[in-house]
1. Which value, in debye to the nearest 20, describes the size of the charge dipole of the chain about its Cα centre when Lys and Arg Cβ atoms bear +1, Asp and Glu Cβ atoms bear -1, and nothing else is charged?
2. Taking H placed 1.01 Å from N in the peptide plane, check which residues at least 5 places from residue 205 or on another chain put their amide H under 5 Å from its amide H.
3. For the chain, what is the accessible area per residue in Å², given a 1.4 Å probe and the full set of protein chains?
4. Would you work out if the stretch 201-288 is rounded, prolate or oblate? Take a ≥ b ≥ c from the square roots of the eigenvalues of the alpha-carbon gyration tensor; rounded if a/c is under 1.5, else prolate when a/b is larger than b/c, oblate otherwise.
5. For the stretch 174-234, I need the span (max minus min coordinate) of the C-alpha atoms along each principal axis, in Å, sorted largest to smallest.
6. Where does each of 32-40, 85-93 land if you order them by average Cβ count within 10 Å, highest first?
7. Roll a 1.4 angstrom probe over the protein heavy atoms and tell me the percent of accessible area of the stretch 42-118 that is carbon or sulfur.
8. Output the 0 to 90 degree angle, nearest 10, between the alpha-carbon long axis of helix 155-165 and the longest principal axis computed from the alpha carbons of the chain.
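The values are calculated or read from the model by the stated rules, or taken from the named source; none is laboratory data. This structure is a prediction, so every number in the text was calculated from the model and none was measured. No Cβ is skipped: glycine too gets one built from the backbone with ideal geometry, and neighbour counts run over all protein chains shown. Each accessible area value is taken on the protein alone, full model and side chains, heavy atoms only, with ligands, DNA and RNA left out. Shrake-Rupley method; radii C 1.70, N 1.55, O 1.52, S 1.80 Å.
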Amino acid sequence: MINRKDFIRSGLFGLIPLSVRNLIPQPKASGPFPVVISTWNTGIRANAAAWEVLSKGGYALDAVETGVKVEEADPKNMSVGYGGRPDREGKVTLDACVMDERGECGSVAFLQDIKHPVSVARKVMTESPHWMLVGEGARQFALDQGFKAENLLTPEAEKAWKNWLKNSEYKPVINIENHDTIGMLAIDEQGRLCGACTTSGAAWKMHGRVGDSPIIGAGLFVDPNVGGATATGLGEEVVKTAGAALIVEFMRQGHDPSVACKMAVERIIERDAANKEGVQVGYIALNKDGAFGGYSILNGFTYAVYNEDGNRVIKSEHLI
Ligand code: ASP
């Protein structure tokens, strides 16, 4: 009889529709599950929503989607979804992606007028033959899928943009006040590890700019046999070192999640050390056994963890 691994290798696996593939049992992981981890202090609220799903035996992908939607809907979060700071033309443009326990993924970038890009990203994964849709194509797809178009520019965000226009100076400085991209990783009771990442990106970016957050391997990566990682901070730096995929590879080599995050942060500095003044990137990682960690370039990065020990914020270790 052909075993699961050989079956996947044979290429026949790819011919099975996703809905049926989801019924095929996965190898079980071991750790203290469920667990959910997400970027920044704001992750605490998102974790609580994700925990509602996880604690009832729910699916990790539902948990991360539910969790990050809390931030997408919050007008006070200036870096995610509704209320996100616009680009320099006053347009709120959103990037998001999801990745599931099979390494399937979906993504949207440069999406306008849709409050929950993470849910559109999930639909790209399940309802389209592609992994990523961008711009007007992503918007049309979302509308076809039943999402409604709405104005995401809050009066506060508009005011901040008009204020910025007075000097129109663009400094890609990432800090705790202006950057709370949410990246979230969760393992459910059955050991299924899934992730999501969603952002409005860098405030006052050029129209059309896409950061790391919707890029699989940069802003988010999940390998069901190893673990997952996700990023916040200056996307241009994360992409140039394939941050999340790099962390997963370091974990594959046997490093703890926090060590793997540290090594990926060091890689950013090594690449171009002369130009790192004020640059912030924060990483979090969760391995398949439920061990987690984080690391950032600069002081000030935090992440939130919810497991059997409760929901709490952890101050990340940092390089500088
Ligand atoms: N990583 C996001 C981006 O570059 C921004 C952030 O995390 O704040 O678009």
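1. Numbers: 34 positive and 39 negative charges, 43 e Å.
For the chain, the charge dipole is close to 200 debye.
2. Long-range HN contacts for residue 205: 88.
3. Numbers: 13490 Å² over 320 residues.
Each residue of the chain exposes 42 Å² on average to a 1.4 Å probe.
4. Values: a/c = 2.55, a/b = 1.47, b/c = 1.73.
Oblate, because a/c is 1.5 or more while a/b does not exceed b/c.
5. 42, 22, 13
6. Details: 32-40: 26.3, 85-93: 19.7.
The densest-packed peptide leads the list: 32-40, 85-93.
7. Details: 1120 of 2180 Å².
So the carbon and sulfur contribution to the accessible surface is 51 percent.
8. Computed tilt is about 60 degrees.
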